[in-house]
Every structure is written in C-alpha cells, then in structure tokens.
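Colleague: One structure, pasted below without further comment.
The values are calculated or read from the model by the stated rules, or taken from the named source; none is laboratory data. This is a predicted model, so every value here is computed, not measured. Counting neighbours? That spans all protein chains shown, and the Cβs are built from the backbone with ideal geometry, glycine included. The protein model used for the area step is the full one, side chains on, heavy atoms only, and it has no ligands, DNA or RNA in it. Shrake-Rupley method; radii C 1.70, N 1.55, O 1.52, S 1.80 Å.
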Amino acid sequence: MSLQTLHEVTAFLWQEADLLDHKEHDAWIALWEESGRYIVPIDPESTDYANTLNYSNDDHAMRKMRAHRLRSGEAVSTTPAPRTARSTSRIVILKEDGDTIVVRAAQNLREFHKDRFRHYTSNIEYTLKRAGGSFKIAQKVIRLLNSDDAIASIGYIL
Amino acid sequence: MTTNLKAADLVQADRVHTSLYTSAEIFDEEMSKIFESTWVWVAHESEVPEAGSYKNTFVGKQPVIVVRDRKGEIRVLLNRCRHRCATVCEGKKGKTQSFVCPYHGWAFGLDGALRNVPYEGSYGSEGLDKKLFPLPGLRVESYQGMVFATFKEDIEPLVDYLGPAKKWMDLFMKQGAGYGIEVPGEQRFRFPGNWKIQLENTTDAYHFPLVHKSFLTTLDPQALDTFSFMEGDGFVEDLGNGHSVMVMIPELVDLEAHLDQPIPERFAELAAELAKQGLDDLKVRKIVRAVGGTGFNLNIFPNIACSMAFFRVLRPISVEETEIHHSVINMKDGPEIANQYRLRLHEYFQGPLGFGTPDDGEAWCRVQAGVHACGREEKDKWIMVNRGLPIEKQGADGPRSDVTGETGMRAAYQQWKKLMSA
C-alpha cells in the first residue's frame, strides 16, 4: 500500500476527530455510509457485534438520535457538554481491497466535564470506502482499553 | 455513628437523615448489619452454566466466587486462600478445574475443599489437616434462576424472605417467552454517590419525564404513549422485607395476557421476520410482547432489581461511590433476531453510553453533591420520602400509592432501620 493512501486516510481521520471535538455532529454524520455501524464493544474479543451486548451499536437512525441528544439541552448529563480533545495516531492500514480500506489507529482522548478530567484510550478499527475523492465510514469499532471494567458515563461521541 | 442519633431515629416514616448518604461509619455498619446479615443476590444461574463455570463478585465488600461444582450445585465461596489470604480466582467470569493460589500453590476443589498443599512435610509427619482449611462457603438458595447467598446461617429460607416479591419474579421471567432466560452480558459503570440513591431510583417514576426527556423525544408516538404513565393506573406497592414493586405500564404486567392486541409499529418488522421463519401467530405475538420487556420494576432489598427488561445490580464501593451493573436478558436459545432486538433496546437506554442511564447517573451525582449542604440545624438535615404517603391505601400485599409515590423507598428504609437496629 502507498504512503499516498496513508496520507489520505490520516487526513480523513484527523478531520473526523476535529469534527467530534468541536461537536459538529451534522458534518460527522455526513461522513458515514447510511448502512454503517458505530460500535463500542464491551468484550475486548468480540467481533459478532450483532449478537453480543455492546455499549453502543448505532445504525444511521441511532447516530442521528445520539447527536440530537448531545446538543438538545434535554439531557442533564450533557448540560454543560463535556469538552474533549483527542489525538489519533499510530494509523496503520490493515487491508486494502478495491475501494475498501481497513484501518487501525490509537486514540487518546481527554475529557473535561464540570470539575473533572478523564482519560480514555482506545484502539479504533475503521472500515472506510473511497467516495468522491475522500472516504465514507462503513464501520467504526472503538475498543476502549478498559471496556470490560466499570466506566463512567460518556456524554459525547468516541 | 457520627451523629447523636441512633439508627431508629435516622429513619422516620416520611424522611431519612442526611448521614445515611455521608457517614463512613454508617456505611461500615451497613456492610456488616445489612450485606453480611441478609440474602444478597450474586448471580443468575445462566452465568455459571456448567461444572467449573465461575463468576467473581462481592457480598458487601467481601470478594466471593460463584461457582458450579462437579455435582452441578452452585456454591458461593470466599475468594481468599486459607494460608495467607491471596485471592485464588481472578477475572470476571470463566471456567476452571480448581482454584490454585498463585502465591504458594494451595489448591482447592470447585466445592472449596483443600486438595493439595505443596511441600507438606514442613507441617510435620501427619501433614496439614486439610479438612480444617476449606474455602468457606456461604449459604446459597435460588428462586426463578436468581441465586442469592448469605453469611447468616440461621436466616429464614430465601422464599420466605422474598415473600410476595416471588409472584413478581414469576411474571418477570415471562419475558423468556417460553424459552427461559439467560444473562449473556452486562454493562458496568460507577457513580460518585451512595448506594441507596440507586436503590431509591428503581421505584422512582417521578423523575422519569424530566430526567429522561432526551430519551422520550426519540420515541415514536405509539411508544411515547406507552411511556407516558405519570397519571395512569400504575402504582407502587410495599412488598415487605424492604422489597417493593412499581407498576408503570399495567397492560405489560403479564406478558402472556393481551396477546390479541395489535403489534406495536416499532415491532412490526420483527413480527414479520418471525412469521417468515415459520413461527405460528400466537408464538410470534408472545415473543414480540416479551421482547419489549415488562411494565414494572421490582426492587429486591438490598442489591438487585428486576427492572422492566434487565437486572439492575448494585455494589457499594464506599459511602460515596457505587458500582452498577445492567445485565441484559435474552431468550435462551430463542430466535436470534428477537434477541438482537433485546440487545439493541438495552443498548438504547442502558449503560454509560445509553440514552437514559447517563442522565440518571448525573442526577445521582447531584444528589450526592447537594447532600453536603446540610446546614448546622438538625431540621435541615433530612431527605424527604413522603410523596404518596397521604394517599396510601392497602394493596394486595402492602401499602400502595400512585405510580409516582415514594412507597418503595419507605419500604426499603423501614427494612434498613430494622436491620441496622439489630
């Protein structure tokens, strides 16, 4: 695979990270294929997300509702909204097959909410499809390092 | 206790004292007088399906292993080597042949018996009398697949302790739709607050339209109607021994009734898929009704709730910290598509990324933050649980108020008072 592809993928992931940290949810949803799934598994070994319990396994409708919930002002847990800054790095292309690219990256996310800093580190697996000179997200699986421990509420998109 | 009041004075008919949420001394006393002195839920039997299957959990602050032994009996053993105390079992769940201490290698059977001690000669020519050093077991009983354990050997049988809660457990298990139920996983989260704040919440319908507004606005009109129960015919009833039930949606109390009613729009696709798989109409209706869960929350004192469609487990960590598990319930060997609906519905509302739980959690944090604003005068140090008290009437098994009443909290606190006064 080419460095050019790695560059393109990196630029795309950084753009996504920036949209999420700045809560530009409509633009984030536009990055997705409608059939795509946003998945936060509990079991670190899980790959059968449909038949296991996850923290979330969002289809298009759920993604839109989640984004709405985060900015509606109706949810006490996100009012005020947590502030986040995430660093996406260690980006590796695992597989390239036609227009489909499978990517794995590390994400370090710092959250500040009200009076407390939290730190979430994840391995993230993306399935991207080339579209219109850029990509669409076909699947995003966020594997929190502490996914099978007790965690605190997460009032934003990972 | 840090206040001059005794347990009996800290709980009144309509209010409880601030120190119940803030006193570390009271918390320690709760661990011994409540969690080590009554029946405590430890597992659903499906979590330890075969000989050697185990689950690590806690009774109060004490780590215990729930394990199925070779004879198929479920045992609850203290997770502590009898030699020098190292835990002998790690990991949340798993399967093993035995429990071997990682420190010096003492090996215990699934029934807790000490089987092997390395280099035994140093204990004298007779060796160590292994009969004297098993992993101690708690008394274990179960009802409807729900496994409880207790340190109190002479306590009443579990079925007597549960009393009228049993019939609600029977109703709750109907969401197996004839397949039986299993617990294939759970979400775990913690919040900075006292365990009783969560205990109260299970039979608190009063918070629902406000705290869960962001969930309610995502529902279709039909589902929204189902969840608009504040002025309906629901109720909260004291079931004795600290247990209570809150019926929010009366038509969903018995999942095997009303099978002739139209299938809700949000389950139309599921019903069509089940029919396509060759299930007859009655079975389809039964499964679809079961998928949505029951219309009530049953609170079993002190640590487990049968909450509409899942088990809510609470674990006290410290006076101002609590861990919660939301265990999902599936139909054992039921249709895959129906179980997928149940998993997605659970993820929708429950857990730390759900559309409901984080807002509950935030409200509880605010309770724990606000409880410290208790002034200097005794009159300012009370938490009110008097809602519904003036309109309480005798129900089938105990005092009953409207769905928004605080009858369930009063039931729990009267049991708290009884155990803490012992």
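Colleague: Out of B:A272, B:V313, B:V367, whose Cα points farthest toward the positive end of the dipole of the range B:268-393 (charges: +1 Lys, Arg; -1 Asp, Glu; placed on Cβ)?
Modeller: B:A272
Colleague: Place a label point 7 angstrom from the Cα of B:E120 along the Cα-to-Cβ direction, then list the residues of the range B:45-83 whose backbone nitrogen is under 17 Å away.
Modeller: Once the point is set 7 Å along Cα→Cβ of B:E120, B:82-83 turn out to lie under 17 Å by backbone N, inside the range B:45-83.
Colleague: Run the numbers on the range A:113-158: which residues show a drop of 30 Å² or more in accessible area, chain on its own versus all protein chains together, using a 1.4 Å probe over heavy atoms?
Modeller: A:K114, A:D148, A:A150, A:I151, A:S153, A:I154
Colleague: Give me the distance in nm between label points sitting 7 Å out from Cα along the Cα-to-Cβ direction at A:F117 and A:D48, one decimal.
Modeller: 4.2 nm
Colleague: Okay, moving on. For chain B, just give the cysteines left without a disulfide-compatible partner, judged by no other Cys Cβ under 4.7 Å.
Modeller: Here B:C85, B:C89, B:C306, B:C365, B:C374 come out as lacking a disulfide-compatible partner, given the Cβ-Cβ threshold of under 4.7 Å.
Colleague: Compute and list, largest first, the equivalent-ellipsoid semi-axes of the range B:308-422 from the alpha carbon gyration tensor, each √(5λ) rounded to a whole angstrom.
Modeller: With the √(5λ) rule applied to the range B:308-422, the semi-axes are 33, 21, 14 Å.
Colleague: Have a look at B:V66, B:V42, B:V100 and tell me which one the Gaussian network model of chain B (Cα, springs below 10 Å) gives the largest fluctuation.
Modeller: Its mean-square fluctuation being the largest, the pick is B:V100.
Colleague: Hey, any idea what the orientation-averaged projected area of the convex hull of the range A:89-141's Cα atoms comes to, in nm²?
Modeller: 4.6 nm²
Colleague: Using only alpha-carbon positions, what ratio does the radius of gyration of the protein assembly as shown give when scaled by 2.2 N^0.38 Å?
Modeller: That ratio works out to 1.03.
Colleague: First measure r as the distance between the Cβ atoms of B:L219 and B:K131, then evaluate 1/(1 + (r/R0)^6) with R0 = 56 Å and state the FRET efficiency to the nearest 0.05.
Modeller: 0.40
Colleague: Please give the residues of the range B:361-402, grouped as numeric ranges, whose backbone N is less than 12 Å from a label point set 7 Å along the Cα-to-Cβ vector of B:D9.
Modeller: In the range B:361-402, the label zone of B:D9 (backbone N under 12 Å from the point 7 Å along Cα→Cβ) covers B:378-379.
Colleague: Summed for both chains, how many Å² of accessible area, to the nearest 100, are buried between B and A with a 1.4 Å probe?
Modeller: 2700 Å²
Colleague: Which residues does the label zone of B:A373 cover in the range A:100-122, counting backbone N under 20 Å from a point 7 Å along Cα→Cβ?
Modeller: A:114-116
Colleague: Continuing with this model, one more query. Report the dimensions of the range B:128-266 along its three principal axes from the alpha-carbon atoms, largest first, rounded to Å.
Modeller: Principal extents (Cα only, largest first): 70, 40, 31 Å.
Colleague: If you don't mind, another one. Compactness ratio of the range B:40-143: Cα Rg over 2.2 N^0.38 Å, N = residue count?
Modeller: Working it through for the range B:40-143, the quotient is 1.08.
Colleague: Please list log₁₀ I(q)/I(0) at q = 0.06, 0.07, 0.14 Å⁻¹ for chain B, using the Debye equation with identical point scatterers on the alpha-carbon positions.
Modeller: Values returned for q = 0.06, 0.07, 0.14 Å⁻¹ are -0.27, -0.37, -1.31.
Colleague: Something else now. Would you list which lysines come within 25 Å of B:K381, measuring only between C-alpha atoms, while excluding same-chain residues fewer than 8 positions from it?
Modeller: Partners found: B:K6, B:K33, B:K196, B:K417, B:K418.
Colleague: Please report Rg (one decimal) and Dmax (integer) in Å for the Cα set of chain A.
Modeller: 15.3, 47
Colleague: Additional query: Working from the pairwise distances between different alpha carbons, so that the mean of 1/r is found and then inverted, what is the range B:193-343's Kirkwood radius in Å?
Modeller: 16.9 Å
Colleague: While we're looking at this one, here's another question. Tell me which GluC sites (Glu not before Pro) from the range B:40-135 have a DSSP coil assignment and no more than 15 other beta carbons within 10 Å of their own.
Modeller: Sites meeting the loop and neighbour criteria: B:E50, B:E73, B:E90, B:E126.
Colleague: Quick check: the angle from helix A:3-21's long axis to the longest principal axis of chain A, C-alpha only, nearest 10 degrees?
Modeller: 20 degrees
Colleague: With n ≥ 4 as the cut-off for DSSP H runs, can you work out [θ] at 222 nm for chain B, using -39500 (n - 2.57) per run divided by the number of residues, rounded to the nearest 500?
Modeller: Result for chain B: -7000 deg cm²/dmol, rounded to the nearest 500.
Colleague: Can you pull the one-decimal nm distance between simple spin-label points at A:D26 and B:K418, each 7 Å off the Cα toward Cβ?
Modeller: Each label point is offset 7 Å from its Cα along the Cβ direction, giving 5.8 nm.
Colleague: Sticking with this structure for a sec: Based on alpha-carbon centroids, what's the gap between the range A:66-120 and the range B:140-218 in Å, whole number please?
Modeller: The distance from the Cα centre of the range A:66-120 to that of the range B:140-218 comes to 32 Å.
Colleague: Which whole number of Å³ per residue matches the convex hull of the alpha-carbon atoms in the range B:66-115?
Modeller: 74 Å³
Colleague: Another one. Quick one: if the Förster radius is 22 Å, what FRET efficiency do A:S89 and A:E33 give, using the C-beta to C-beta distance and rounding to 0.05?
Modeller: My answer for the efficiency is 0.35.
Colleague: Now for a separate question. Using only the alpha-carbon atoms, what does the range A:44-105 span along each of its principal axes? Please give whole angstrom values in decreasing order.
Modeller: Taking max minus min along each principal axis of the Cα atoms, the range A:44-105 gives 43, 31, 25 Å.
Colleague: I need the per residue convex hull volume for the range B:29-84, using only the alpha carbons, in cubic angstrom as a whole number.
Modeller: Enclosed volume per residue, from the Cα hull, is 93 Å³.
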